[in-house]
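What follows is a single structure, written as structure tokens, with notes after it.
The values are calculated or read from the model by the stated rules, or taken from the named source; none is laboratory data. Just so it is clear, the model here is predicted, and its values are computed rather than measured. As a convention, Cβ positions derive from the backbone with ideal geometry for all residues, glycine included, and neighbour counts pool all protein chains shown. Calculation scope for accessible area: heavy atoms of the full protein, side chains included, ligands and nucleic acids excluded. Shrake-Rupley method; radii C 1.70, N 1.55, O 1.52, S 1.80 Å.
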Amino acid sequence: MKEIEFLVIGSGPGGTSAALKLVAAGRQVLMIEQGDFLPKEKENRDSREVYGETRYRTQERWRDQEGETFQPWMHFHVGGNAKLYGSAHFRFRKADFEELEYPDGLSPAWPLAYEDYASYYDEAEKLYRVHGERAADESEPTDRAYPYPAIADERDIALLREGLGAVGVSTFPLPLGVDPEGESEGWKTDLAHFDAYPDPSLSKADPEAVALKSLRKGSFELQTRTKALRFLRDGRRVVGLEVEREGRKEILHAQNYICSAGAIQSARLFLQSEDDGHFANSSGQVGRNYMAHLCSTAVATFKETMTSDFAKTFGTNHWYQPDRGGCLAGSIQTQGKWDATQYELEEWTRDDQFGPEGLAKQGLEFFFMTEDLPKAENRVLLDGKDGLRLHRVLTNKSLHEKLVRDFGEKLRGLPEGSLTLRRYRSQMMPLAWCTHQCGTLRFGDDPVNSVLDRNCRTHDLENLWVLDGSFFPPVRL
């Protein structure tokens, strides 16, 4: 590649999607990734290695607003954090783009509507091989069929869904990006080690599995083990990117730059690039308005023995509809069935009367998500030369806790013939769990109070775009 036309920073979903479009249009792309390809090895499916030893997580230590250190739930590999995600693919609902009042404030309206994004959702669902059943979820914004049929429920899960329906909770098959019969280099799909595990079979639809195969040709190049340090600018243009590769620093020059490092790392890079007081930060909003969902895991222990290997096949948006309480209280989905080691590693389940083995046989795990709100004081900050601070005060916490309680009450009321609940408890995800990160480089039409315009180009610099979760939601219009 003689000349870099577009330099893309980050190989996660945002960066690879941008590269696909650019290469298809005949443009030249160099993508850099801080990490390397995640190794395909037996430890990929070892829960003690993945969860206990954090084998694939960064070993960086960050600080919170109190100065306490923590290890963030971040993965620097080709494919980004999506190498270890649960591969559930939801479209935003139409109400997500509208102004909504929550207990702790307003969620702002977007300058664009669902219809502006609909065709891109169509493309993404095809690319990520999404399996689902559109008509089963009454909150869906489209009746367009998923590219592949839903993953079937195993016996216990089907019984539970039937019981929830009897107590008035509608459920639907989770839209999952996975090939149930996939195989690569001798590795086959293993749904028992799916949710938050790396997948050596490449059956999970992550960017390495679905995008890079199409990009390794012609005008695309991927350069791994290359860490972005800071942008260099001249007036309203970025003129270079300082990187570190194999212990040496160098400057990469391109005509155009796309930052897709994730909301935290993209903001970090902008802050590290400040020269005369700001870099693309005339608004003072770089790093602010950090959000990551309010998320909890609940364990429901039933009288019956669970026989399911893969429980992550259904969800409910019963509480995610604006005509039920005025705001979108939250979405719930099953998780991928914990084993005894995972229960042993979780402090809040260690003293359970059932013990790790009993919980693995009789427990099911549920994941809860509630929207938080953009607050300027929730932010990414630099901490010394190389460190990072992440400040966050939760919003809508009471709404989230109510969602968890309400679902528990429905489980307690399951009819005879369904599963029989013995115990139900939950744990909110800590600050270190930042995989749903967004909001640090928000977009809007006014450069006075936003970092990006509605096309995700920086207001201050004419050849720099940000294509990851940094941009949403917008500044209130």
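At a glance:
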read-out	value
Loop trypsin sites (Lys or Arg not before Pro), region 29-99, which have at most 14 other Cβ atoms in a 10 Å radius of their Cβ (DSSP)	R61
Cβ-based charge dipole, region 61-191, positive-most Cα from W62, I151, A135	W62
Among beta bridges that DSSP assigns inside the chain, antiparallel share in %, nearest 5	75
Solvent-accessible area per residue, Å², over region 347-477 with all protein chains present [probe radius 1.4 Å]	45
Viscosity 1.567 mPa s, temperature 4 °C, Stokes-Einstein D of region 32-84 from Kirkwood C-alpha radius, µm²/s	106
Set of lysines near K303 by C-alpha distance (under 29 Å), chain-local residues within fewer than 8 positions excluded	K312, K337, K361, K402, K410
Nearest 10 degrees, 0 to 90: helix 114-127 Cα axis against the chain principal axis	80
0 to 90° range, to nearest 10: angle between helix 263-272 axis and the chain longest Cα axis	30
Cross-link partners of K94 among lysines (Cα-Cα below 21 Å; sequence separation of 8 or more within a chain)	K126
Degrees between helix 13-24 axis and first principal axis of the chain (Cα, 0 to 90, nearest 10)	60
Distance cut-off 14 Å, percentage of C-alpha pairs in region 185-227 lying past it	59
Computed helical MRE - 222 nm, the chain, DSSP H runs ≥ 4 contributing -39500 (n - 2.57), nearest 500	-5000 deg cm²/dmol
Residue-level accessible surface for F354, protein heavy atoms, 1.4 Å, Å²	40
Gyration tensor (alpha-carbon) shape descriptor, region 92-157, a/c threshold 1.5	oblate
Surface share of carbon and sulfur [accessible, 1.4 angstrom probe, percent] for the chain	46
Low-density loop cleavage sites - chymotrypsin sites (Phe, Trp or Tyr not before Pro) in region 83-136, where at most 16 other Cβ are within 10 Å (DSSP)	F92
Residue-normalised accessible area of region 2-143, expressed per residue, 1.4 Å probe, Å²	45
Along principal axes, Cα extents of region 1-120, largest first, whole Å	51, 43, 30
For K397, solvent-accessible area (1.4 Å; no DNA, RNA or ligand), Å²	90
